[in-house]
1. Give the range 104-115 a look and list any residue that's surrounded by fewer than 16 Cβ atoms within 10 Å (Cβ to Cβ) and assigned to a loop (DSSP other than H, G, I, E, B), or say none.
2. When the range 40-69 is examined, which residues are found to be open to solvent by less than 50 Å² (accessible area, probe 1.4 Å) and of a type in the set (D, E, K, R)?
3. Can you tell me how many residues within the range 70-103 are in a loop (DSSP other than H, G, I, E, B), open to solvent by less than 50 Å² (accessible area, probe 1.4 Å) and farther than 18 Å from Glu119 by Cα?
4. Among (1) at pLDDT 95 or above; (2) within 22 Å of Thr164 (Cα to Cα); (3) within 17 Å of the chain's Cα centre (by Cα), which single condition is Thr32 missing?
5. Looking at (1) in contact with a Leu (Cβ under 6 Å, 6 or more places away or on another chain); (2) within 19 Å of Glu84 (Cα to Cα), can you tell me which one Arg173 breaks?
6. Restricting to the range 39-83, and then to whatever is among the hydrophobic types (A, V, I, L, M, F, W, C) and over 15 Å from the mean Cα position of the chain (by Cα), can you tell me which residue is nearest to Arg173 (Cα to Cα)?
7. So which of Arg193, Arg134 ends up being open to solvent by less than 70 Å² (accessible area, probe 1.4 Å) and either of a type outside the set (D, E, K, R) or within 22 Å of Ala30 (Cβ to Cβ) (or both)?
Amino acid sequence: MSLPSYEVETRFYFSGPAEAFAVLPFGDSALTRTYRWRTVHYSPALFQRDEILRIGYLESESGPKVLLGWKGPDRGKLINIREELDEDVSGEIAESRILAKIGGRSAGGSAAAVAAELERLGHRPFMEFSGENRVGYDEPLGLHLKLSHCQTLRHSWLFEIEKTAATLAEVPRREAELLAFIEQYRLAERVVRAEPPTLLYEASQGRHGGKEK
């Protein structure tokens, strides 16, 4: 069973990998793993409260993986700051903190059983998307990195940077580090404030917003 943490992250739009690595040259060598993904989002009601409930299906050279994820409401302004829980449900999961949090049975079971429990609770699937990620970790910067490609989204190429805070008290320091990174690489005009699920929802509703951010 996973412990909660806070993700502190943001992302930047690019026309493709070449432009991204021209601006962030360390990225090409730091992104060491590639995988295909499909994410199914559950519960329109939770989504309208700015919570994210999803099941992600990953395919990589090391084999398939299924992840159950929950994120709390965004606490950030320029930077996205959310409480986050992720649980690997690829096999049989004995106990699920996420299911317990949303009022379900804490006993998890298989990925299919978890999906069935979500629907039993009334958290129906309502949107999904798929794509490919290159991910890695830059040790000197202490950054988790992800270059994501999804043709469905308004910004089809997104370069994401993320730090993790174990406690809420640690969040301001991690946020300051990301803001310093944005300033160092002059990325303010490339920041995409909306997260991929929001961009997906906009696409599903035929809305694209009036700003790049």
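1. Those that are surrounded by fewer than 16 Cβ atoms within 10 Å (Cβ to Cβ) and assigned to a loop (DSSP other than H, G, I, E, B): Arg105, Ser106, Ala107, Ser110.
2. Answer for the range 40-69, where residues must be open to solvent by less than 50 Å² (accessible area, probe 1.4 Å) and of a type in the set (D, E, K, R): just Glu51.
3. Selection size over the range 70-103: 5.
4. Condition (3) is where Thr32 drops out.
5. Only one criterion is unmet by Arg173, namely (1).
6. Ranking the candidates gives Leu78 first.
7. Numbers: Arg193 fails: either of a type outside the set (D, E, K, R) or within 22 Å of Ala30 (Cβ to Cβ) (or both).
Selected residue: Arg134, the only one of Arg193, Arg134 that is open to solvent by less than 70 Å² (accessible area, probe 1.4 Å) and either of a type outside the set (D, E, K, R) or within 22 Å of Ala30 (Cβ to Cβ) (or both).
Okay, residues lined up against (1) in contact (Cβ under 8 Å) with a residue 24 or more places away in the chain; (2) out of contact with any helix residue (DSSP H, G or I) (no Cβ under 7 Å at 6 or more places or on another chain); (3) not in a loop (DSSP other than H, G, I, E, B):
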position	(1), (2), (3)
Met127	yes, no, yes
His155	yes, no, no
Arg174	yes, yes, yes
Arg186	no, yes, no
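The values are calculated or read from the model by the stated rules, or taken from the named source; none is laboratory data. No experiment lies behind these values; they were computed from the predicted model shown. Cβ atoms come from the backbone with ideal geometry, glycine included; neighbour counts cover every protein chain shown. SASA here: full protein model, heavy atoms, side chains in, ligands and nucleic acids out. Shrake-Rupley method; radii C 1.70, N 1.55, O 1.52, S 1.80 Å.
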